[in-house]
1. Per DSSP H run of n ≥ 4, the term is -39500 (n - 2.57); total these for the chain, divide by its residue number, and report the mean residue ellipticity at 222 nm rounded to 500 deg cm²/dmol.
2. With springs only between Cα atoms under 10 Å, which of Gly251, Gly46, Gly207 fluctuates most in a Gaussian network model of the chain?
3. Rounded if a/c is under 1.5, else prolate if a/b beats b/c, else oblate: with a ≥ b ≥ c from the C-alpha gyration tensor eigenvalues square-rooted, which is the stretch 164-243?
4. What number do you get for the stretch 4-191 when its Cα radius of gyration is normalised by 2.2 N^0.38 Å, N = residues?
5. I need the phi-derived Karplus couplings for the stretch 60-71: 6.51 cos²θ - 1.76 cosθ + 1.60, θ = phi - 60°, integer Hz, Gly and Pro marked x.
6. Let a ≥ b ≥ c be the square roots of the eigenvalues of the Cα gyration tensor of the stretch 179-318; is it rounded (a/c under 1.5), or, if not, prolate (a/b larger than b/c) or oblate?
7. Quick one: what are the phi-derived ³J(HN,Hα) couplings along the stretch 13-22, Karplus 6.51/-1.76/1.60 with θ = phi - 60°, whole Hz, x for glycine and proline?
8. Please give the contour-minus-distance gain from Asp22 to Tyr283: 0.36 nm per residue of separation, less the Cα-Cα distance, rounded to one decimal in nm.
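Every number here is computed from the coordinates shown, using simple stated rules; none is lab data. Here the structure is a predicted model, which is why all the values come from computation and not from measurement. Cβ placement follows ideal geometry from the backbone for every residue including glycine, while neighbour counts extend to all protein chains displayed.
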Amino acid sequence: DWTPHAFADETIADLKQQLGNDKVVLALSGGVDSSVAALLLHKAIGNNLYCVFVDNGLLRKNEFESVLESYKTLGLNVKGVDAKDQFYAALKGLTDPEKKRKAIGGKFIDIFDAEAHLIQDVKWLAQGTIYPDVIESVSVNGGPSATIKSHHNVGGLPDFMKLKVVEPLRSLFKDEVRRVGRALGLPENILGRHPFPGPGLGIRILGEVTPEKVAILQEADYIYIENLRKAGLYDQVWQAGTIFLPIQSVGVMGDERTYEHVVSLRAVESVDGMTADWCHLPYELLAKISNEIINNVKGINRVVYDISSKPPATIEWE
Ligand code: XMP
């Protein structure tokens, strides 16, 4: 019978054995998987684990700062890298979803590679790959389905890094990863977090990504997510997010005509992200969120709610 404590003890012992005095580099994303992988490795090899947390400018409001703080509190040897401007530059002029994904993924590799090169004699690359990622990347690369969307966080590292790969969570499902994280004292703000795509808000801003649009979307999304939390619904929803649409529409504010942007709210119920149903959020809550966004976020005069399930829609819009 599997228990998170037994798994952690065994894995830490194995990692100690496998890694000895070698140095290991790991990219933290703020998500559960990379965080739990980091905690296990830290318990095994201490400060020989070098964590890198990149601010790609496409995270949720305040997320980089607050998550970096949590990592430091946990005692991780972590370096925060502000690369916002490099990502925005790479995204300039791009509107095609796949090109945007590739640009974000490619820029991430560049930055991570440069950081890894700063660590003398680093031998290993650690990744928070979990069992469903292993399965999915096999079917994406080898199967007939081809790539529906290119996920940049699985198996995407270039050969020139020449690092050996260590993946302590390869045999686990998501709920098991959470249980291990809880056993190791990972805080709830990381443990309970909704899934968030690697390319972040870059694929929730349809069309060209600019820092101005990111700032508007972060504000609207913050209002949405905070209201879900206050209503006690955050943990019941599998994933929620806000999408910035590439259109403007007419509105009225006082006696002024406005011509501003539209955001769509998305909330889904799912088990593994492969299929999903849209959540029937209470109308009163949707009304409150819509009012708060329109009254407080300059640049938005209309809010819509996405009532599409997967399939045929996907969870993300790009
Ligand atoms: P879709 O949009 O394909 O999303 O229904 C299914 C789940 O995968 C997440 N997603 C990603 N996660 N890197 C990730 O780590 C990515 O490139 C990526 N694209 C989509 C999405 O948020 C949802 O949970």
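1. Working: 10 runs with 130 residues, N = 318.
My calculation for the chain gives -13000 deg cm²/dmol from helical runs alone.
2. Gly251
3. On the way: a/c = 2.80, a/b = 1.45, b/c = 1.93.
Note, shape of the stretch 164-243 comes out oblate.
4. Numbers: Rg = 16.5 Å, N = 188, 2.2 N^0.38 = 16.1 Å.
Output field value: 1.02.
5. Coupling constants for the stretch 60-71: 5, 3, 6, 5, 4, 4, 6, 6, 4, 4, 4, 4 Hz.
6. Working: a/c = 1.77, a/b = 1.66, b/c = 1.06.
Taking the square roots of the gyration eigenvalues as a ≥ b ≥ c, the stretch 179-318 is prolate.
7. 4, 4, 5, 4, 4, 5, 9, x, 9, 5
8. Numbers: separation 261, 0.36 × 261 = 93.96 nm, distance 5.52 nm.
Gain on stretching Asp22 to Tyr283: 88.4 nm.
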